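These notes concern the structure reproduced below.
Taken together, the values in this text are just the output of simple stated rules run on the coordinates, not laboratory data. All values reported here derive from a predicted model rather than from experimental measurement. Here the Cβ positions follow ideal geometry from the backbone for every residue, glycine too, while neighbour counts run over all protein chains shown.
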Amino acid sequence: MGRTPLLDHAADDFLNEVTRQKPWRRARYEDLLSALDTFLGGGAPLLAYTRATGEAWLRALHESEQEDARELLTEFRSYLREWGWLDSARPVNQPD
């Protein structure tokens, strides 16, 4: 059996991609992703992040942080879909 993909693993790959394309966003996105992981309990499995938990996290943030965080979640979710993170995190055919 493989290891459960963690939010932190996907976030690291995402941050590497962001750094390549938009290096000025890395520090801010890194802080926000760390805050999301903490909100989800720290060391969270990737599947703990859903649209609903993302929205709950946004509501828990100070209003001044919500715009950046919403932008991050949009880009992060798109990245997770495009690079197959969400598909690989969901066990479809598990052996008996």
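From the list Ala60, Ala89, Ala69, the lone residue that is of a type in the set (Gly, Ala, Ser) and touching a residue at least 40 places away in the same chain (Cβ under 8 Å) is Ala89. The condition (being within 16 Å of Leu86 (Cβ to Cβ), over 10 Å from the mean Cα position of the chain (by Cα) and among the polar types (S, T, N, Q)) is satisfied by just one residue among Thr38, Thr19, Thr50, Thr4: Thr4. If you go through the range 80-88 one residue at a time, do you hit one that is over 16 Å from Pro5 (Cα atoms), surrounded by 14 or more Cβ atoms within 10 Å (Cβ to Cβ) and not acidic (Asp, Glu)? No, the range 80-88 contains no residue that is over 16 Å from Pro5 (Cα atoms), surrounded by 14 or more Cβ atoms within 10 Å (Cβ to Cβ) and not acidic (Asp, Glu).
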